[in-house]
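Undergrad: Starting off with a structure, shown below.
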Amino acid sequence: MGQLINIRNLSFGYSNGRKLFNGLDFSLEKGERVGLVGPNGAGKTTLFYLIMGLLRPESGEIRVFGRPRENERDFSEVRQRVGLLFQDSEDQLFCPTVEEDIAFGPLNLGLSHSEARAVVRETCKRLGLNGLEKRVIHRLSGGEKRLVALATVVAMNPECYLLDEPTAGLDSRTTERFLRYLREYADTYIIITHNHEVLKNAADRIYELREGRIEPFSL
Amino acid sequence: MHLEEFAEGESFFHRLDPRVKLLTLGPYTAVIAVAHDPVVPLAALVLSSVMAVVAGLDRKKLLNRLAAVNIFVLMLWLFIPFGYPGEELFFAAGPLTVTKEGIVYVLTITMKTNAIVVATIAMLGTSEIFSLAHAFVHLKAPGKLVHLFFFFYRYISVLHEEYSRLRRAMKMRSFRPRTNMHTYKSYAWLVGMLLVSSYERSRRIYNAMLCRGFSGRFPVIDHFSLRKHDIIFGVLMSTVTITFVIILTLS
Ligand SMILES: Nc1ncnc2c1ncn2[C@@H]1O[C@H](COP(=O)(O)OP(=O)(O)OP(=O)(O)O)[C@@H](O)[C@H]1O
Ligand SMILES: [Mg+2]
């Protein structure tokens, strides 16, 4: 069973609106690098939230790491092993300084202070964030926040990444650095993006989410 | 963020260990607050002003804050000097008599208030709110209280950021407040949006915390370490406070 994520017959709609998914099927194997495209409002972000257990489906099954995930307890394990990069970095960062925000996850995972500090240092090095550690978060630029948000996810060393438009608002050099990071250190992920260049570089397979269904997509 | 307008800087007070600040400020302000003669408040006012200078506080911003506080003090000046029992002073306006004791009393209150506020700004204002929260954790304050403090601050600043964002968005589209229905309506939208978007944002932040394994306990990464100037300052402040206590008990 190399299947990391397996979604069967999933239905979901926000309480106030139409049904977003009606019998959606999707699966992700270990080692797969998948691109996800789809029009605005198709429900890409919502799908990520469902996988992480931040929203609960009306019906259907979500299996992650080979086990059905239903309650908070199941999902808290998922959250330790799957890293979600939020579409809006403002939502992801809540600590005063870069260093503390990056260390928040590792400390929750039970690492000691010196270990957490080492993780922070290593992560910053990999992502080219050196010198930003002590900066106060709400005074960073948009692109810097994006990288720090990625760092907070990377620091948890997840087995699988869910990346929600990670390169939106990044300049071409930073995008390049980001893609290089993915190539070197991440082997399983789903990346939502509208950028064809990024898709070509970072995804082996591409799916499109449209009208509540996921179908293969070619550029 | 307007709440931390004094927090950036490189002065002696900015570098001081927040734990030392919390520990020394409490007794210092307490002694000032219970003083009943003008000597200690006067000395404290001078000392607090020195602190403000050392902390390099922006004079305009500091005066702004003091003005807000002294509005209340001003009200005391309007009432207490009249009819306070004691020796009558040079003028008597009809049934109202100003007494020397009354003046001294209000003057004492004024000095106390300003000494305490200035010292608090110079000492606590020069630390980031979060390092103060950390200091509370290190001083073994109850975890729940510290969380409350932390989130209270977190949400205030979120609210304020949302507000500035919405205000900017309105300005960008040439909104100018006037006395008409359009203006009132727009302000009503602003407040409504503020509530909704702040609520939504706080939920998303909570989600982000969940995604990183939050389970109700806030880990602290920065450990403070006492350095020489922290100890010197602690000893100095304690000496001053004890001196004040001695003066108070002798008089
Ligand atoms: N909290 C919410 N309550 C109600 N409806 C919502 C909520 N969040 C999103 N929606 C609606 O659900 C639909 C899917 O939203 P979602 O954010 O998943 O889209 P998306 O595919 O990520 O779009 P984009 O490419 O713009 O990021 C949209 O029509 C949106 O209006
Ligand atoms: Mg989205």
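The values are calculated or read from the model by the stated rules, or taken from the named source; none is laboratory data. The shown structure was predicted, so the numbers you read here are calculated from the model rather than taken from an experiment. Neighbour counts run over all protein chains shown; Cβ positions are idealised from the backbone, glycine included. Side chains are part of the model used for accessible areas, which takes the heavy atoms of the whole protein and leaves out ligands, DNA and RNA. Shrake-Rupley method; radii C 1.70, N 1.55, O 1.52, S 1.80 Å.
Undergrad: Quick one: residue A:64 ticks every box in (1) over 20 Å from residue B:217 (Cα atoms); (2) in contact with a helix residue (DSSP H, G or I) (Cβ under 7 Å, 6 or more places away or on another chain); (3) away from ligand 2 (no atom under 16 Å from the Cβ); (4) open to solvent by 10 Å² or more (accessible area, probe 1.4 Å) except a single one, so which number is it?
TA: Failed condition: (4).
Undergrad: Of all residues in region A:23-58, count the ones that are under 15 Å from residue A:217 (Cβ atoms), open to solvent by 30 Å² or more (accessible area, probe 1.4 Å) and within 12 Å of ligand 1 (Cβ to nearest atom).
TA: Of the residues in that region, 1 qualify.
Undergrad: Could you list all residues from region A:4-17 that are near ligand 1 (Cβ under 8 Å from one of its atoms) and open to solvent by 100 Å² or more (accessible area, probe 1.4 Å)?
TA: A:15, A:16
Undergrad: Do we find that residue B:81 is assigned by TED's automatic domain parsing to the domain that holds residue B:239, open to solvent by less than 50 Å² (accessible area, probe 1.4 Å) and touching a residue at least 12 places away in the same chain (Cβ under 8 Å) in this structure?
TA: Taking the combined requirement at face value, the residue satisfies it.
Undergrad: Checking the conditions here, which among A:77, A:99 is open to solvent by less than 30 Å² (accessible area, probe 1.4 Å) and within 13 Å of another protein chain (Cβ to nearest Cβ)?
TA: A:99
Undergrad: I would also like to ask the following. Quick check, is residue A:50 in a loop (DSSP other than H, G, I, E, B), within 16 Å of ligand 2 (Cβ to nearest atom) and either at pLDDT 95 or above or of a type outside the set (Gly, Ala, Ser) (or both)?
TA: Judged against the criteria, residue A:50 is not a match.
Undergrad: Another one. Go through region B:189-238 residue by residue and tally those that are of a type in the set (A, V, I, L, M, F, W, C), away from ligand 2 (no atom under 16 Å from the Cβ), part of a helix (DSSP H, G or I) and open to solvent by less than 50 Å² (accessible area, probe 1.4 Å).
TA: Of the residues in that region, 7 qualify.
Undergrad: Residue by residue through region A:80-96, note down the ones that are in contact with a strand residue (DSSP E or B) (Cβ under 8 Å, 6 or more places away or on another chain) and either more than 9 Å from chain B (Cβ to nearest Cβ) or without any contact (Cβ under 8 Å) to a residue 12 or more places away in the chain (or both).
TA: Once the filter is applied, which keeps residues that are in contact with a strand residue (DSSP E or B) (Cβ under 8 Å, 6 or more places away or on another chain) and either more than 9 Å from chain B (Cβ to nearest Cβ) or without any contact (Cβ under 8 Å) to a residue 12 or more places away in the chain (or both), region A:80-96 yields A:81, A:85, A:87.
Undergrad: If you don't mind, there's one more thing I want to ask. Residue by residue through region A:171-186, note down the ones that are assigned to a loop (DSSP other than H, G, I, E, B) and open to solvent by 80 Å² or more (accessible area, probe 1.4 Å).
TA: Listed by number, the list holds a single entry, A:171.
Undergrad: Still on this model: Just one of (1) open to solvent by less than 30 Å² (accessible area, probe 1.4 Å); (2) out of contact with any strand residue (DSSP E or B) (no Cβ under 9 Å at 6 or more places or on another chain) trips up residue A:163, so point out which.
TA: (2)
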